[in-house]
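**Q** One structure is given below, represented as structure tokens, and several questions about it will come after.
The values are calculated or read from the model by the stated rules, or taken from the named source; none is laboratory data. Quick caveat, the model's predicted, so the values are computed rather than measured. Note that each Cβ is placed from the backbone with ideal geometry, even for glycine, and that neighbours are counted across all protein chains shown. Surface areas here come from the heavy atoms of the whole protein model, side chains and all, with no ligands, DNA or RNA. Shrake-Rupley method; radii C 1.70, N 1.55, O 1.52, S 1.80 Å.
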Amino acid sequence: MSWGTELWDQWDNINVHTQKGIDFSERYIHFLKERSSVEMDYASKLKKLVKNFQPKKRDEDEYQFTWSRAFVDMLKEVYDMASQHEVVAENLTGTVSRNLQDLVTETKTDRKKYLQDGARLQEQLRQSSQTLDKAKRKYEKAHYDSERSLDNYRKADADINLSRAEVEKHRVVMNGKVQQCEECKNEYAAQLQTHNNHQTEFYSQTMPQVFQQLQDMDERRIHKLQECVLQCAEIEKNVVPIINTCIEGIAKAAGSINTAADSKLVIERYKSGFAMPEDVPFEDLSTGQSIEPSNNQTPRIPAPANSVKNATVSGGKGKKRGGLFGIFGSSKVDEQKEDFSDLPPNQRRRKLQQKIDSIKKEMAKEHSEREGILKLKDVYAGNPALGDPSTLDKKIEENSQKLDGLRQELLKYEGYMAEAEGKVSRRHSASEDSRSLSTSGSGDTQHTQQVSAPGTPQVQHNVYQPIDGDEDGEDEFDIFPVIGHCRALYPFEAVNEGSVPMGENEEMQILEQDQGDGWTRVRKGDGSEGFVPTSYIECHYYDADQV
């Protein structure tokens, strides 16, 4: 159906209708902008909410429980959901609204052009109609004058009182008027034909063409509006699976909550490690003797005077393995804070293990950085055009110093851990070994130590030193259980106190594992005990068989 044939006389209504279509499109654009603003505001508030409830760094320990980790996972999913709402807002504003705005601009331009064309055609038809009316009025006047002159001539011809000349005058006037009337009639007929042709063309060709253009414009606007609505639905449809995934993630986070695991973690976190107090004996003041409980219980061992501090029971001070290295020079108060000795045994071990893991992680990072620098130095050495290898010596030296400090700190906290576990161990000072290991390959000959073959180990110093205040030295060694056996891969000559010699393929018992300093405590067949280089032996631990 065409507007040009069905609505040929509804030009004004078509004008109003097309303007309403443009107004509606602009209103829909405003709706999309408001919708985008709501989505963006919602996403912003969601993200702000997530940020406000994110765990603080000081509260990280509290987020080890499954219920707290599930809450953190839920926050991540909510954050992702907020991001999807941002995607919706950006697409509505950036794609749909822009397309509609372009459509409105184009429609306004086309509508203005088509209306101007229609107005021009209507003006032409109106002018043609006016010309026709003018020709008709002129013809009517000429016809009236012709009729009147004819009547005057007849009257004059019938009047016997008039002369022949006067009658002839009336006849000439009559003929002129008749001729003029005939000319006006012909002009009117020609103008009528022109007007009818113009009017026929107006209503059958030119004006229907304008109507059709307006109809195509409006249909194009409606079709584009339909596409935009579908595009909005597609935008929503694309984010729904992601939002559903976020919701599934929240449900998964809820399913990850483990009541038993959280209860066990509470035990591990707050368990002191002390034995329960025994029954208090009855003291008979009249006899001055204490009556022990009647049941068969182990006699109560009184705690040392310094075992209670601030109402918290602390483990007894054992012999520190770290004290062997002579690197702890802090005061007693600082040492208690540093080695967590003011905490109960279980909590102290947990804190120390966390500290040791942190140091090892930092050492791994420094090692990776060192390997990268050394590789870069090799590249510079192979191709001097890329850079000077000597410029990396300072970085290698700094890395070596960091590794030295980390090794010393690791040994210190491993000593604290050994003390917390009730193991009294003695090791040599690893300062020289750490220095030699960390600076090898640095390019600085002042700190470089040549690596010997396995059969000729480097001279080690201070392999064993007595604990501060320990006058008996080896006489007070704790009895270590046998935890495995080993075989010597290379011969080793003990040149320092605390180490023992060994021959190639000699079988020995392992009393204590390597604590990260490169030495293992062993017992030989003749009963002698001491330390040997871990890299010189092949170890086999009994607990590995139980796994």
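**Q** Provide the descending list of Cα extents for the range 192-294 along its principal axes, expressed in whole angstroms.
**A** Principal-axis extents of the Cα atoms in the range 192-294, largest first: 152, 23, 16 Å.
**Q** What order do 539, 232 take when sorted by accessible area (1.4 Å probe), most exposed first? Mind dumping the intermediate values first?
**A** Values: 539 45, 232 20 Å².
Sorted descending by solvent-accessible area, the residues read 539, 232.
**Q** Pull out the extension gain between residue 52 and residue 131, defined as 0.36 nm times the separation in residues minus the alpha carbon to alpha carbon distance; nm, one decimal.
**A** Going from the current span to full extension adds 20.2 nm.
**Q** Quick one: which of 502-512, 155-165 comes out on top by average Cβ neighbours within 10 Å, and what's the full order, highest first?
**A** 502-512, 155-165
**Q** What area, in nm² and to one decimal, does the C-alpha convex hull of the range 37-195 cast on average over all directions? Please report the intermediate quantities before stating the final value.
**A** Values: hull surface 69.1 nm².
About 17.3 nm², averaged over all directions.
**Q** While we're here: Please list 3J(HN,Hα) in residue order for the range 135-141, calculated via the Karplus relation 6.51 cos²θ - 1.76 cosθ + 1.60 where θ = phi - 60°; whole Hz, with x for glycine and proline.
**A** Per residue, the Karplus-derived 3J(HN,Hα) values read 5, 5, 5, 5, 5, 4, 5 Hz.
**Q** Something else now. Quick one: if you stick a label point 7 Å off each Cα along the C-beta vector at residue 496 and residue 267, how many nm between them?
**A** So the label points at residue 496 and residue 267 sit 4.3 nm apart.
**Q** How much length is gained if the chain between residue 223 and residue 15 is pulled fully straight, taking 0.36 nm per residue apart and subtracting their Cα-Cα distance, in nm to one decimal?
**A** 72.9 nm
**Q** Please compute the alpha carbon radius of gyration of the range 53-146, then divide it by the globular-protein estimate 2.2 N^0.38 Å. Two decimals is fine.
**A** Here the Cα radius of gyration is 3.02 times the empirical estimate.
**Q** Next question, about the same structure. Quick one: which residues, 5+ away or cross-chain, put their amide H under 5 Å from the amide H of residue 519? H built at 1.01 Å from N.
**A** Distant-sequence amide H within range of residue 519: 534.
**Q** I've got another one for you. Over 23 Å between Cα atoms, which of 134/185; 113/136; 264/365; 20/224; 48/76; 377/402 qualify?
**A** Working: 134/185 12 Å; 113/136 35 Å; 264/365 32 Å; 20/224 16 Å; 48/76 12 Å; 377/402 19 Å.
Over 23 Å Cα-Cα: 113/136; 264/365.
**Q** Identify the residues of the range 65-106 with backbone N under 15 Å of a label point that sits 7 angstrom from the Cα of residue 42 along the Cα-to-Cβ direction, or state none.
**A** 78-93
**Q** If you take the alpha carbon radius of gyration of the range 180-235 and divide it by 2.2 N^0.38 Å, what ratio comes out, to two decimals?
**A** Working: Rg = 23.2 Å, N = 56, 2.2 N^0.38 = 10.2 Å.
Expressed relative to 2.2 N^0.38 Å, the Cα Rg reads 2.29.
**Q** Roughly how many Å is it from the Cα centre of the range 358-409 to that of the range 106-172, as a whole number?
**A** 111
**Q** Sticking with this one: Taking the alpha-carbon distance from residue 155 and a cut-off under 19 Å, which lysines remain once sequence neighbours fewer than 8 residues away in the same chain are dropped?
**A** Cα-Cα hits under 19 Å: 169, 177.
**Q** Right, something else. Quick check: pseudo-label points 7 Å beyond the Cα along Cα→Cβ at residue 342 and residue 123, how many nm apart are they?
**A** My value for the distance between the label points is 9.7 nm.
**Q** How much accessible surface does residue 170 have with a 1.4 Å probe, in Å² rounded to 10?
**A** 70
**Q** If a paramagnetic tag sat 7 Å from the Cα of residue 106 along the Cα-Cβ line, which residues of the range 20-36 would have the backbone N under 16 Å from that point?
**A** 22, 25-26
**Q** Tell me, in nm to one decimal, what length is gained between residue 388 and residue 282 on full extension, where the rule is 0.36 nm per residue of separation less the Cα-Cα distance?
**A** Answer, rounded to one decimal: 29.9 nm.
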